[in-house]
Amino acid sequence: LVADELKPGSCIRMGCLLIGSQQKRQQAKRVPSRQFPLNMDTQSHNNDSSEAQESSVVGISRSGEKTIPSDDADSDINREMNVAVLTPEETSILVILRMMSDESIRLEDLISMIRNAEKNILLLNQARIHALKELDKILSEKEALQAEINNLEMKLAETDARIKVAAQEKINVELLERQLEKLKNEMSLRNSVKEGKHGILDCESPLMLELNDLRKENELLNDDIQTLKLKLADISETEEHVSLLGKEQSALKASFRELQYQFANAQDDVSKLDSLQCECKALSIKVENLQELFDNARQKLDNPPLDLQQYHELQKKVDKLEASMTETNMSKFPSEKFHNYDEILQQKIDILEKRLQESDLEIHSQIEMFQESVREFHHTLTKLKEESEKRSQESSLENIPREFWSRLLLIIDGWLLEKKISPNDAKLLREMIRKKDAQIHDAFLASRSKNEHEKVAMFLKLTYSRKSPGLHIIHIAAEMAPVAKVGGLGDVVSGLGKALQRKGHLVEIILPKYDCMEYDLITDLKALDVVVESYFDGQMFKNKIWNGTIEGLPVYFIEPHHPAKFFWRGKYYGEHDDFKRFSFFSRAALELLYQAGKKPDIIHCHDWQTAFVAPLYWDIYAAKGFNSARICFTCHNFEYQGTAPASELASCGLNVHHLNRPDRMQDNSAHDKVNPVKGAIVFSNIVTTVSPTYAQEVCTIEGGRGLRETLKSSSKKFVGVLNGIDTDAWNPSTDNYIRVQYSADDLQGKAENKDALRKLLKLSSSKVTQPLVACITRLVPQKGVHLIRHAIYRTLELGGQFVLLGSSPVAHIQREFESIANHFQSHSHVRLLLKYDDALSHLIYAASDMFIIPSMFEPCGLTQMIAMRYGSVPIVRKTGGLNDSVFDVDDNTVPVQYRNGFTFITPNEQGLSNAMERAFQYYIRSPESWQQLVQRDMRLDFSWNSSATQYEELYERSVARARAMT
Ligand code: ADP
């Protein structure tokens with residue numbers, strides 16, 4: 001319609017018609033009227049004035065067609081307008097008047113033109129409304145399509161996971177089929193052999209009958225063989241039993257002998273004790289005597305005041321006598337007599353005083369004597385005690401037959417000859433044997449049930465404790481909590497570091513100096529007045545070195561002065577040049593240690609980002625003499641291996657030709673690529689992963705992510721150590737991030753945190769007991785995102801509330817969860833927070849009743865341990881570290897005290913739903929048992945203590961082995 005109206009013939013009319021509406025629009029946009037004169041002014045000097053005037057004054061005809069003819073009258077108006085400043089309305093009125101004055105245009109024409117114009121406007125408006133409606137429609141269709149795309153993408157992720165499981169099953173089926181095929185082939189081969197031997201026979205023929213008989217016989221024989229085999233198996237089992245019993249018997253005999261021997265020693269001790277008791281009695285009699293003496297002396301010491309009193313009384317009497325004598329009998333007594341009397345008295349007094357002094361001295365000397373003898377008594381007593389202890393110890397070791405020490409000596413010498421221990425260690429151990437040291441005696445007894453390898457380690461530990469107070473351990477890593485944390489790796493570096501430090505080791509950490517770190521959490525951060533140059537891409541680059549402490553651990557930060565600004569990217573990972581960034585860092589970290597002249601015992605690197613350290617150390621630095629350390633590599637997730645084109649390895653100075661080999665760094669599935677994780681496995685002395693179950697899983701085709709063979713050939717040095725958590729950082733009784741602190745003994749605070757979180761997230765608080773289910777995770781396929789989504793809806797169906805804290809580096813997963821978050825944005829029972837927020841995570845752990853972890857695979861997982869520490873009961877899939885730390889409440893094969901959560905095996909919605917339903921039933925039906933479960937979980941020890949001890953043992957064994965080689 002609009003196009004119709006705009007056909008060429010109507011052009012002039014349109015032009016006129018549009019004047020008013022354009023002007024109105026311009027006015028509506030509040031174009032300042034002052035612009036008009038200016039425009040007019042310019043137009044008046046313009047050669048093509050009419051066109052310019054129309055487009056600028058009335059703003060029409062973008063095509064450049066003249067919609068208002070230009071003539072002199074226009075120019076007149078322009079001139080008039082030039083004189084006075086006019087508004088757009090005034091301008092259009094002038095134009096209309098001008099037209100009206102034109103004889104060729106009549107009033108009726110004008111009216112009809114206006115009507116036409118109005119019609120046109122109406123039509124245009126209708127068309128516009130229509131178009132807007134269409135637009136709305138298109139937009140809603142677009143949204144629906146987007147939702148469908150999201151759905152499909154989710155399903156794709158789901159199907160991917162299912163395909164993986166199916167692929168595994170398919171492999172099993174194929175294996176079975178192959179076995180079946182093989183069996184079939186064998187059968188047919190056997191049949192054909194038989195047929196070949198006998199030809200095709202008539203089943204009635206005597207030969208055939210004979211054959212049948214033979215077959216039957218054969219079958220019977222086979223049966224017999226089977227039963228015999230079973231019996232044989234029984235017999236060998238019994239034999240095994242018997243030999244086991246024999247071993248047990250001999251062990252019992254040995255311990256019986258030992259007990260006898262100890263009993264004899266004890267009897268000896270008892271007799272010694274008797275003599276000691278006699279000595280003690282004698283000594284106590286002496287003490288009693290001394291006590292008596294002391295009492296006497298005391299009494300004597302108490303007497304002098306009596307004497308003194310007498311003396312004073314006498315003195316008084318004498319004074320009195322003297323006074324009365326002088327007063328009354330002066331005349332009666334001759335002065336000589338009086339004098340004599342006085343002298344006698346004085347003598348008496350002197351004697352008394354002398355006696356007093358003497359007794360005083362006597363008392364003092366007696367007290368001193370007494371004190372001296374008491375001291376002596378104590379001294380002899382402690383000496384006697386020490387001696388008797390020493391004697392009993394010595395005599396027990398002395399009494400050990402000489403054969404024992406000789407045997408020990410032979411063992412040590414054997415190990416030395418077999419090069420299992422170094423001459424130095426052998427010397428130390430021999431010395432201990434010569435001195436009949438109790439430690440070596442005890443170590444020998446304790447090591448009896450161990451294998452040779454473990455025995456050597458136990459003995460070397462003895463020598464080690466004599467030589468060194470602790471290990472010097474250096475972690476080189478890409479993350480460290482809480483300063484630079486993306487996931488569990490950060491927690492491990494700081495948690496393990498602190499635990500090792502507490503055990504008395506010297507621990508240092510080297511990190512890249514990222515621009516996006518939490519600088520507030522570093523204490524005393526300062527740049528050192530030193531520049532460390534490190535090699536990269538054929539030249540040397542300067543590195544600024546910073547240091548500071550993080551939660552009491554000394555940390556070095558490397559800031560490369562490389563034009564690519566490797567760690568100045570606003571994020572930790574996910575850059576196109578990650579391989580370069582982290583191989584640079586690995587080289588610079590080793591360079592720092594080398595130039596600082598450090599001599600660490602252990603260099604511990606983590607994940608592919610610092611895996612380069614292992615080949616760099618042995619290929620470049622050990623050759624330079626920096627070779628005091630053993631290398632430990634921990635792979636926190638075999639999903640990430642950092643594989644890259646082989647040529648990229650050269651940048652950090654590694655020899656591509658030398659390393660891109662199947663037995664070194666070459667990727668197992670792409671021969672033109674190198675695999676840093678494989679390199680670290682090959683070049684490290686100790687290789688660990690983060691849980692025993694995951695260590696087993698990665699030794700399978702599916703779990704190993706292509707590294708199964710490499711791990712198999714390194715199985716002797718590969719071990720799974722379950723991570724711990726930092727129990728200082730994750731402690732509900734001291735946590736400052738949560739609203740109310742609480743403990744297993746007082747759970748009131750937990751309920752208050754639940755209420756606080758509900759209010760914070762605007763969730764319904766109407767039902768205090770309504771269970772709150774939480775999930776805190778990176779939203780990646782590994783974590784079972786489709787099951788997390790399912791858990792949201794299932795929680796609602798079961799009558800609970802759900803809170804998710806997580807974010808995803810995968811765009812389509814992030815979008816999918818954004819749309820779920822939007823859907824529930826004002827729901828009173830579900831909240832999705834799609835971000836990383838450490839503080840909020842603490843409150844969610846504290847507030848929640850249950851914690852969902854439906855991972856497809858999980859190397860270790862920390863969230864289940866943190867959740868339990870905060871009394872949130874985990875619901876997890878039995879895989880990796882989850883399998884090592886969560887034990888089902890209904891699993892009768894596990895002792896009750898270890899059952900701490902709900903688990904499921906099959907990674908599908910049904911599996912998760914079952915576990916959730918069981919958890920909800922438990923929560924609702926038995927609140928008291930649930931509370932006990934919560935308290936039990938909170939009291940479990942997930943600290944780094946025992947894991948750090950395992951690492952300590954691995955380190956020490958490796959260091960001791962290295963020393964044995966030298
Ligand atoms: P992964 O290392 O595979 O990410 P872990 O369970 O080993 O998983 O460790 C995850 C750690 O990261 C935990 O400490 C957890 O609390 C934390 N975390 C994960 N996602 C978030 C998030 N969105 N906000 C805060 N902390 C998070």
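The values are calculated or read from the model by the stated rules, or taken from the named source; none is laboratory data. Keep in mind it's a predicted model, so treat the numbers as computed, not measured. For neighbour counting, all protein chains shown are included, and Cβ atoms are generated from backbone atoms with ideal geometry for every residue, glycine included. Surface areas here come from the heavy atoms of the whole protein model, side chains and all, with no ligands, DNA or RNA. Shrake-Rupley method; radii C 1.70, N 1.55, O 1.52, S 1.80 Å.
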Legend entry - Failed item in (1) within 20 Å of the chain's Cα centre (by Cα); (2) open to solvent by 60 Å² or more (accessible area, probe 1.4 Å); (3) farther than 22 Å from Phe633 by Cα, with Ile522 passing the rest: (2)
Inset, instruction - Working only within the stretch 475-509, note down all residues that are small (Gly, Ala, Ser), more than 16 Å from the ligand (Cβ to nearest atom) and open to solvent by 10 Å² or more (accessible area, probe 1.4 Å). - result: Gly504
Inset, instruction - Scan the stretch 708-730 and report the pairs whose first residue is within 30 Å of Pro662 (Cα to Cα) and whose second residue is open to solvent by 50 Å² or more (accessible area, probe 1.4 Å), with Cβ atoms within less than 6 Å and a gap of 6+ or a chain change. - result: Arg708/Ile701; Gly720/Pro692; Val721/Gln950
Inset, instruction - Would you list the strands (runs of 3 or more DSSP E) that sit entirely within the stretch 795-870 and hold 1 or more residues that are within 12 Å of the ligand (Cβ to nearest atom) and over 27 Å from Asn731 (Cβ atoms)? - result: 830-833
Legend entry - Of residues in the stretch 927-966 being modelled with pLDDT of 95 or more and over 26 Å from the mean Cα position of the chain (by Cα), the one least open to solvent (accessible area, probe 1.4 Å): Trp930
Inset, instruction - Go through (1) under 28 Å from Gln932 (Cβ atoms); (2) within 16 Å of the ligand (Cβ to nearest atom); (3) of a type in the set (S, T, N, Q) one by one and return the number of the condition Gln782 breaks. - result: (1)
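Could you tell me which residue of the stretch 871-882 is nearest to the ligand (Cβ to nearest atom), considering only residues that are over 19 Å from Glu909 (Cα atoms) and assigned to a helix (DSSP H, G or I)? Give the derivation first.
Restricting attention to the stretch 871-882, the residues satisfying the condition of being over 19 Å from Glu909 (Cα atoms) are 871-873, 880-881.
Narrowing further to those that are assigned to a helix (DSSP H, G or I): 880-881.
Values: Gly880: 10, Gly881: 8 Å.
So, considering only residues that are over 19 Å from Glu909 (Cα atoms) and assigned to a helix (DSSP H, G or I), the one nearest to the ligand (Cβ to nearest atom) is Gly881.
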Inset, instruction - For the stretch 890-916, enumerate the residues that are among the aromatic types (Phe, Trp, Tyr) and surrounded by fewer than 18 Cβ atoms within 10 Å (Cβ to Cβ). - result: Tyr898
Inset, instruction - Could you identify the single residue in Lys759, Lys712, Lys767, Lys750 that is away from the ligand (no atom under 16 Å from the Cβ) and assigned to a loop (DSSP other than H, G, I, E, B)? - result: Lys767
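Taking the stretch 726-748 as the search range and keeping residues that are among the acidic types (Asp, Glu) and open to solvent by 30 Å² or more (accessible area, probe 1.4 Å), which one is farthest from Ser848 (Cα to Cα)? Spell out how you get there, then give the answer.
Start the filter on the stretch 726-748 by keeping residues that are among the acidic types (Asp, Glu), which leaves 726, 728, 735, 745-746.
Narrowing the set further to residues that are open to solvent by 30 Å² or more (accessible area, probe 1.4 Å) leaves 728, 745-746.
Details: Asp728: 20, Asp745: 18, Asp746: 16 Å.
So the residue we want is Asp728.
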Inset, instruction - Starting from the stretch 107-118, keep only residues that are of a type in the set (Gly, Ala, Ser), then list their pairs with residues that are assigned to a helix (DSSP H, G or I) whose Cβ atoms are within a distance under 8 Å, requiring at least 6 positions of separation or different chains. - result: Ala117/Arg13; Ala117/Met14; Ala117/Cys16; Ala117/Leu17; Ala117/Leu18; Ala117/Gly20; Ala117/Ser21
Legend entry - Which numbered condition Thr777 misses (of (1) touching a residue at least 60 places away in the same chain (Cβ under 8 Å); (2) hydroxyl-bearing (Ser, Thr, Tyr); (3) within 23 Å of Gln146 (Cβ to Cβ)): (3)
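From the list Asp537, Asp437, Asp425, which residue is in contact with a helix residue (DSSP H, G or I) (Cβ under 7 Å, 6 or more places away or on another chain) and either surrounded by fewer than 21 Cβ atoms within 10 Å (Cβ to Cβ) or at positive phi (or both)?
Numbers: Asp437 fails: in contact with a helix residue (DSSP H, G or I) (Cβ under 7 Å, 6 or more places away or on another chain); Asp425 fails: either surrounded by fewer than 21 Cβ atoms within 10 Å (Cβ to Cβ) or at positive phi (or both).
Of Asp537, Asp437, Asp425, the one residue that is in contact with a helix residue (DSSP H, G or I) (Cβ under 7 Å, 6 or more places away or on another chain) and either surrounded by fewer than 21 Cβ atoms within 10 Å (Cβ to Cβ) or at positive phi (or both) is Asp537.
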Inset, instruction - Tell me, please, whether a residue that is part of a helix (DSSP H, G or I) and buried (at least 22 other Cβ atoms within 10 Å of the Cβ) can be found in the stretch 647-663. - result: yes
Legend entry - Enumeration of residues in the stretch 540-565 that are crowded, with 17+ Cβ neighbours inside 10 Å, of a type in the set (D, E, K, R) and assigned to a strand (DSSP E or B): Glu559
Inset, instruction - Provide a single number: the residues in the stretch 666-685 that are within 26 Å of Ile509 (Cα to Cα) and open to solvent by less than 10 Å² (accessible area, probe 1.4 Å). - result: 8
Inset, instruction - Return yes when Met330 is touching a helix residue (DSSP H, G or I) at 6+ places or on another chain (Cβ under 8 Å) and at pLDDT below 75 and no when it is not. - result: no
Inset, instruction - Can you give me the ranges of the helices (runs of 4 or more DSSP H) entirely in the stretch 566-636 with at least 3 residues that are under 30 Å from Pro692 (Cβ atoms) and out of contact with any helix residue (DSSP H, G or I) (no Cβ under 8 Å at 6 or more places or on another chain)? - result: none
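Identify the residue in the stretch 770-794 that is outside any helix (DSSP H, G or I) and of a type in the set (S, T, N, Q) and, among all such residues, is farthest from Ile844 (Cα to Cα). Full working, then the answer.
Within the stretch 770-794, the first condition is being outside any helix (DSSP H, G or I), and the residues that meet it are 770-780, 784.
Keeping just the survivors that are of a type in the set (S, T, N, Q) gives 770, 777.
Values: Gln770: 15, Thr777: 12 Å.
Applying the filter and picking the extreme gives Gln770.
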Inset, instruction - Scan the stretch 457-470 and give yes if some residue there is touching a Gly at 6+ places or on another chain (Cβ under 8 Å), open to solvent by less than 60 Å² (accessible area, probe 1.4 Å) and under 30 Å from Ile558 (Cα atoms), otherwise no. - result: yes
Inset, instruction - Mind listing just one residue for me: the one in the stretch 664-676 that is under 31 Å from the mean Cα position of the chain (by Cα) and in a loop (DSSP other than H, G, I, E, B) and, of those, farthest from the ligand (Cβ to nearest atom)? - result: Arg664
Legend entry - Any hit, the stretch 801-815, residues being surrounded by 24 or more Cβ atoms within 10 Å (Cβ to Cβ) and over 25 Å from the mean Cα position of the chain (by Cα): yes
Inset, instruction - Return a yes/no flag: does the stretch 127-149 have any residue that is assigned to a helix (DSSP H, G or I), closer than 30 Å to Thr879 by Cα and either open to solvent by less than 100 Å² (accessible area, probe 1.4 Å) or modelled with pLDDT of 85 or more (or both). - result: no
Inset, instruction - State whether one or more residues within the stretch 181-191 are among the basic types (Lys, Arg) and at pLDDT 75 or above. - result: yes
